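Report on the structure given below.
The values are calculated or read from the model by the stated rules, or taken from the named source; none is laboratory data. No experiment lies behind these values; they were computed from the predicted model shown. Virtual Cβ from ideal backbone geometry, glycine too; neighbours counted across all protein chains shown. These area figures cover heavy atoms from the full protein model, side chains too; ligands, DNA and RNA do not enter into them. Shrake-Rupley method; radii C 1.70, N 1.55, O 1.52, S 1.80 Å.
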Amino acid sequence: MIKNVGIIGSGTMGAGIAQVAATAGCSVKLYDTKTEALDKAKADLEKIMDRLVEKGKIDSTEKERIQNNIKYVSSLKELKDSDLTIEAIVENLDIKKNVFSTLEKFVSEDCIIASNTSSLSIASIASSLQKPERCIGIHFFNPAPLMKLVEVIPAIQTSEETLNISVKTIKDWGKTVAVAKDTPGFIVNRVARPFYGEALRIYEEGTATFSEIDSAMKEIGGFRMGPFELMDFIGNDVNYTVTETVFEAFYFDPRYKPSFTQKRFSEAGYLGRKSGKGYYDYSSEMNVSSSAVERSIDKEKSESIFNRILVMLINEAADALFWNIASAEDIDTAMTKGVNYPKGLLAWADEKGIDWCVKKMDELYEEYHEDRYRCSPLLRKMNREGMRFFD
Ligand code: NAI
């Protein structure tokens, strides 16, 4: 039973994870090297709690209980009583390894030492420990208190016990767990790549505008945001870096190739909402609302844009299953709970028909003769054998 939780790094993610654990009744110690970061985390939590009280979601006793469950500490040694520690510091392997090996000197033999990293391998982080079997990836999504999904990633060194306790704890905290193999992008950051990449490619081919592509995905697919709206929301710099990291980590597999359009937007400082301009203009309220106005386009063109992006997403999800990155259920849960897709991609494949998926992929390959459009062997096998992902 996990009671005492240590969180390392009190930035966006660390503060959010601390709130989740404290709400679930754990006694949390939140540590950061910067006192300003600790002060900010404390002040932000106060604001969040006040808002929840105003909305009637919690009462003042509950607010006090959650806040009293968190202690803000400025020495790593103070985490010595932890049953579980979750690290959410800067995304730098050497710095993380350093913190992990120091931390291991203070904590008990069986304390689980986890990382919230989005892009580093858990095996490499675990290698800094004397007892690497206690290390695991516990990957929350931003904002941690609101997003239901947590990816749990055992490294090759991780023990069965560490995995089981981690999964149980995260479920006890009210989250939905998807267990993923320690591979680049885990589930969500891998399977979601074509949503951005294929949309950018269609735009670069000159056959559709940003808003035409966004409308197709929202009107036909039921996605809450189109790819360009979402990239503007995430930030083009951040989204480009994730793509580039995944591309490099997959030894330059052309399926993950980054786009020049996004690179130039990023270089120009057209980062999206945060800079006032991205694929759309956010410089005034009027522009923001006009960018969101849906321009209806030719239905046939919309269908073809949507089908192309969808089949690339399905192909990526099927390939993740082919390579045993996660179970079919966890792959679908990850996309609906981690990035709010209207349906799981494998369930969507069943609905469209596996034969349809194979035919669409082969049509794309015929058109371009690029490895990017290779159909997953799993889809091909399932089609031959008349199988579905779910009964
Ligand atoms: P952030 O920049 O908001 O916070 C990082 C905090 O760590 C800062 O307060 C900093 O002072 C502190 N810090 C840096 N070095 C430290 C050290 N050696 N010891 C103690 N504290 C230290 O970063 P953010 O966005 O919260 O990300 C943290 C981690 O979570 C990264 O590994 C990132 O990849 C991962 N992540 C981020 C997500 C996001 O959307 N921001 C989503 C999921 C994972």
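Right, Ser27: without any contact (Cβ under 8 Å) to a residue 60 or more places away in the chain, farther than 26 Å from Val99 by Cβ and among the hydroxyl-bearing types (Ser, Thr, Tyr) or not?
Taking the combined requirement at face value, the residue does not satisfy it.
Taking Leu346 as the residue in question, decide whether it is touching a residue at least 24 places away in the same chain (Cβ under 8 Å), open to solvent by less than 70 Å² (accessible area, probe 1.4 Å) and over 20 Å from Lys257 (Cα atoms).
Spelling it out, Leu346 is indeed touching a residue at least 24 places away in the same chain (Cβ under 8 Å), open to solvent by less than 70 Å² (accessible area, probe 1.4 Å) and over 20 Å from Lys257 (Cα atoms).
Report yes if Thr243 is open to solvent by 40 Å² or more (accessible area, probe 1.4 Å) and within 22 Å of Glu267 (Cβ to Cβ), otherwise no.
no
Let me confirm something: among Ala155, Ala178, which residue is crowded, with 24+ Cβ neighbours inside 10 Å and within 16 Å of the ligand (Cβ to nearest atom)?
When all the criteria are applied, what remains is Ala178.
Of everything in segment 118-152 that's part of a strand (DSSP E or B) and within 13 Å of the ligand (Cβ to nearest atom), which residue is nearest to Thr336 (Cα to Cα)?
Leu149
Given the criteria outside the structural domain of Pro145 (by TED's automatic domain parsing), modelled with pLDDT of 95 or more and within 20 Å of Ile202 (Cα to Cα), does Glu351 qualify?
It is false that Glu351 is outside the structural domain of Pro145 (by TED's automatic domain parsing), modelled with pLDDT of 95 or more and within 20 Å of Ile202 (Cα to Cα).
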